[in-house]
Amino acid sequence: MLELPDYPWNQLAPYREQASAHPGGVVDLSIGTPIDSTPQVIQQALADAANSHGYPTTHGTIEVRQAIVDWFARRRNVTGLSTDDVMPTVGSKEMVAWLPLFLGLGAGDIVVRPEIAYPTYDIGAQLVGATPIATDDLSELTAEQRERVKLIWVNSPGNPTGKVRDTAQLAGIVAQAREMGAVVASDECYAELGWDEYEGQVPSILDPAVNGGNLDDLFALYSLSKQSNLAGYRAAFVAGAPNLMPSLVNSRKHAGMIVPGPIQHAMVVALNDDEHVAAQRELYRARRDMLRPALENFGLAIEDSVAGLYLWCTAGRPSFETIGALAELGIVAGPGAFYGTAGERHVRVALTASDERIAAAVERLNSSANR
Ligand SMILES: Cc1ncc(COP(=O)(O)O)c(C=O)c1O
């Protein structure tokens with residue numbers, strides 16, 4: 001059997017149980033799962049495509065590929081893509097986990113991922129026997145390691161930190177990756193959720209200002225889970241790397257990794273409609289504006305968190321102590337320790353709860369602070 005680490009979220013069970021005993025009910029801010037309804041136009045699109053008797057195409061219908069290309073041009077300043085260079089994926093998590101395999105990586109190869117990161121980057125490396133290295137600074141790698149680096153993950157806006165990499169930083173990563181002969185895969189699933197001065201200001205790895213117009217060896221991954229409340233549809237895509245995409249499409253054809261036809265149609269409608277994304281962003285903005293001061297009032301310092309669906313907080317003590325203190329108030333948060341050793345004194349608080357539940361959390365945090 002493949003021996004992967006235990007799924008870390010199971011460790012939260014006792015805290016969730018404790019929080020559930022709160023007389024006002026639990027406020028679960030641990031997992032970034034959308035809770036607002038899938039927009040009606042997208043639900044309708046799914047229903048309209050319900051008659052789906054034939055096999056869907058792995059590379060995607062021309063309509064979904066065109067919608068992806070148009071979305072990149074309209075929303076991300078990415079102009080150099082053709083419909084050959086994009087493909088829908090079954091959510092983006094599977095692509096994060098399987099990309100090292102599709103790239104042909106194995107034992108001896110190194111996969112670099114952010115120092116504090118979504119755990120699936122490591123899992124993807126482990127699935128193929130490659131070695132994950134956690135660093136935000138490629139210059140920390142030794143000469144021997146640089147020779148073995150085959151894939152570099154970028155995650156901007158970052159989960160859990162909410163940190164954004166600017167154009168110059170991304171360009172620096174691309175330049176160093178090219179020196180090493182490594183592929184860069186940029187997981188950009190929170191790109192539409194920039195706050196304050198970062199609104200509309202989250203660059204893509206595929207932006208010509210980052211890569212000088214050369215998309216070879218550069219992948220961007222994007223997901224409709226967060227921006228469109230489509231986590232249940234498993235609707236995402238990968239784009240870029242025209243030198244590698246034909247092989248990626250071919251491997252996925254053989255492996256049967258196909259986005260269902262009705263979902264591909266729903267994606268077209270979702271990608272062509274910016275209005276619901278803007279409306280959803282306003283819901284999260286309001287929740288963020290409420291939660292931020294209450295968490296600070298409770299004694300947590302909020303770091304980074306300039307984009308995305310999380311507030312990355314620390315009380316300067318181990319993750320699980322803060323998780324315990326929040327559980328006493330009936331609030332469940334995510335332990336920073338799940339994202340690497342550098343997160344061991346942080347907790348991640350998600351904005352994905354109803355206005356009513358967020359208001360309950362705010363009231364509890366404020367009254368506990370004033371006690
Ligand atoms: C950084 C990051 N990448 C990928 C995903 C996976 O998203 P999905 O599989 O729903 O597209 C998530 C989900 O939380 C995430 O935070």
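The numbers here are math on the coordinates, done by the rules we state, and not lab data. Note that the coordinates shown come from a computational prediction; the quantities given were computed from them, not determined experimentally. For neighbour counting, all protein chains shown are included, and Cβ atoms are generated from backbone atoms with ideal geometry for every residue, glycine included.
Which length gain, in nm to one decimal place, applies between Glu328 and His22 when the Cα-Cα distance is subtracted from 0.36 nm times their residue separation?
Working it through step by step, the gained length comes to 109.4 nm.
Which cross-chain or sequence-distant (5 or more) residues have an amide H under 5 Å from the amide H of Ser186, H modelled 1.01 Å from N in plane?
Placed amide hydrogens put Val154, Phe219, Ala220, Leu221 under 5 Å from Ser186.
Full-extension gain between Glu94 and Thr341, please, as 0.36 nm times their residue separation minus the C-alpha to C-alpha distance.
Full extension from Glu94 to Thr341 adds 86.5 nm.
Go from 0 up to the bin containing the longest alpha carbon distance in the range 279-363, width 5 Å each, and give me the % of pairs per bin.
Calculated P(r), rounded to whole percents: 3, 15, 28, 27, 17, 8, 2, 0.
Using the per-residue mean of other Cβ atoms lying within 10 Å as a proxy for protection, in what order, highest first, do the peptides 54-63, 286-295 fall?
Descending mean neighbour count gives 286-295, 54-63.
Once you have the Kirkwood Rh of the range 184-295 from its Cα pairs, apply Stokes-Einstein at 25 °C and 0.890 mPa s and quote D in µm²/s.
154 µm²/s
Going by average Cβ neighbours within 10 Å, how do the peptides 223-234, 182-193, 10-21, 27-38 rank, with the highest at the top?
182-193, 223-234, 27-38, 10-21
Sort 256-266, 111-121 by packing, meaning the average of other beta carbons within 10 Å per residue, with the highest value first.
111-121, 256-266
Quick one: grab the alpha carbon gyration tensor of the range 171-234, order the square roots of its eigenvalues as a ≥ b ≥ c, and give me rounded if a/c is under 1.5, else prolate or oblate depending on whether a/b is larger than b/c.
It is oblate, given that a/c is not under 1.5 and a/b is not larger than b/c.
Can you give me the P(r) profile for the chain? Cα pairs, bins 20 angstrom wide beginning at 0, each as a whole percent.
Cα pair-distance distribution for the chain, in percent: 29, 58, 13, 0.
Using the Karplus equation 6.51 cos²θ - 1.76 cosθ + 1.60 (θ = phi - 60°), what ³J(HN,Hα) coupling, rounded to whole Hz, does each residue of the range 117-125 give in order, writing x for Gly and Pro?
Result, rounded to whole Hz: 8, 3, x, 5, 4, 5, 4, x, 5.
Multiplying the sequence separation of Ser82 and Glu197 by 0.36 nm and subtracting their Cα-Cα distance, what value in nm do you get?
38.3 nm
Classify the range 1-150: rounded, prolate or oblate, from the alpha-carbon gyration tensor (a ≥ b ≥ c, eigenvalue square roots; a/c under 1.5 rounded; otherwise prolate if a/b is larger than b/c)?
Since a/c reaches 1.5 but b/c is at least a/b, the shape of the range 1-150 is classed as oblate.
Skipping prolines and chain starts, which residues have an amide H placed within reach, meaning under 5 Å, of the one on Ile110, given they are 5 or more residues away or on another chain?
Those qualifying (amide H under 5 Å, at least 5 residues apart or on another chain) are Thr131, Val149, Lys150, Leu151.
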